[in-house]
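Q: Quick one: the structure is below, questions incoming.
The values are calculated or read from the model by the stated rules, or taken from the named source; none is laboratory data. The shown structure was predicted, so the numbers you read here are calculated from the model rather than taken from an experiment. Because the Cβ atoms are built from the backbone with ideal geometry, glycine has one as well, and the counts that use them run over all protein chains shown.
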Amino acid sequence: MQQFTVPQFIDVEDKIFGPITVRQFIILLVDGLILFVSYKLADLVLFVILLAIFGGIGLILAFVKINGQPFHYFILNFLQTMQKQPLRVWQKQYTSAELKKMSQVEKVVMPVAIPHKNLPGTSKLSEMSLLVDTGGVYRPED
């Protein structure tokens, strides 16, 4: 029988630069491009404000984990939870005709049948124990 190696730690992301994963590198690369464009197009005060906002968002998205999940999964789960209704209530109103119909239904009680099991005789019991003891080698038909 062939033996196969089972992959371990499949939930760990591949590292490319030291402790930086591919996902983190892409997030930081996009964030760096946004900050570079804002540096070229904005004045110094606006750039510092954008640096604080976009740099902070980029660092949070790249490195912060909540309950072992990346931050963008946490944001997606939070938004999906906020879209759902907080309380689900079933407000079924029965009409009087439905209530009368439900009250008129008779419940049929079925008698409980007690199963009767025949006990094996002593000869049958000794044959069965011999069959079990010999591991199926002994056949009572022989």
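Q: Could you tell me whether GLN83 is closer than 23 Å to PHE9 by Cβ and among the polar types (S, T, N, Q)?
A: Details: closer than 23 Å to PHE9 by Cβ: no; among the polar types (S, T, N, Q): yes.
It is false that GLN83 is closer than 23 Å to PHE9 by Cβ and among the polar types (S, T, N, Q).
Q: LEU76: within 30 Å of ASP11 (Cα to Cα), surrounded by 11 or more Cβ atoms within 10 Å (Cβ to Cβ) and either within 19 Å of the chain's Cα centre (by Cα) or small (Gly, Ala, Ser) (or both), yes or no?
A: Details: within 30 Å of ASP11 (Cα to Cα): yes; surrounded by 11 or more Cβ atoms within 10 Å (Cβ to Cβ): yes; either within 19 Å of the chain's Cα centre (by Cα) or small (Gly, Ala, Ser) (or both): yes.
The answer is yes for LEU76.
Q: So which of GLN3, GLN69, GLN24 ends up being among the polar types (S, T, N, Q) and surrounded by fewer than 11 Cβ atoms within 10 Å (Cβ to Cβ)? Even if it seems obvious, please write down each step before you answer.
A: Numbers: GLN69 fails: surrounded by fewer than 11 Cβ atoms within 10 Å (Cβ to Cβ); GLN24 fails: surrounded by fewer than 11 Cβ atoms within 10 Å (Cβ to Cβ).
Result of the check over GLN3, GLN69, GLN24: GLN3.
Q: While we're on this one: If TYR94 satisfies all but one of (1) of a type in the set (Ser, Thr, Tyr); (2) surrounded by fewer than 10 Cβ atoms within 10 Å (Cβ to Cβ); (3) over 30 Å from GLN24 (Cα atoms), what's the number of the condition it fails?
A: Result: TYR94 fails condition (2) only.
Q: If SER123 satisfies every condition in (1) of a type in the set (Gly, Ala, Ser); (2) modelled with pLDDT under 75; (3) in contact with a helix residue (DSSP H, G or I) (Cβ under 8 Å, 6 or more places away or on another chain) but one, which is the exception?
A: All conditions are met except number (3).
Condition check ((1) exposed (fewer than 10 other Cβ atoms within 10 Å of the Cβ); (2) farther than 30 Å from ASP11 by Cα) across all residues:
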{"site": "GLY32", "(1), (2)": "no, no"}
{"site": "ILE53", "(1), (2)": "no, yes"}
{"site": "ASN118", "(1), (2)": "yes, yes"}
{"site": "TYR138", "(1), (2)": "no, yes"}
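Q: Go through the stretch 3-31 and give me each residue that's without any contact (Cβ under 8 Å) to a residue 12 or more places away in the chain and in a helix (DSSP H, G or I). Don't jump to the end; show me each part of the working.
A: At the first step, the residues of the stretch 3-31 found to be without any contact (Cβ under 8 Å) to a residue 12 or more places away in the chain are 3-22, 25-26, 29.
If the condition is that a residue be without any contact (Cβ under 8 Å) to a residue 12 or more places away in the chain and in a helix (DSSP H, G or I), then VAL22, PHE25, ILE26, LEU29 are the ones that fit.
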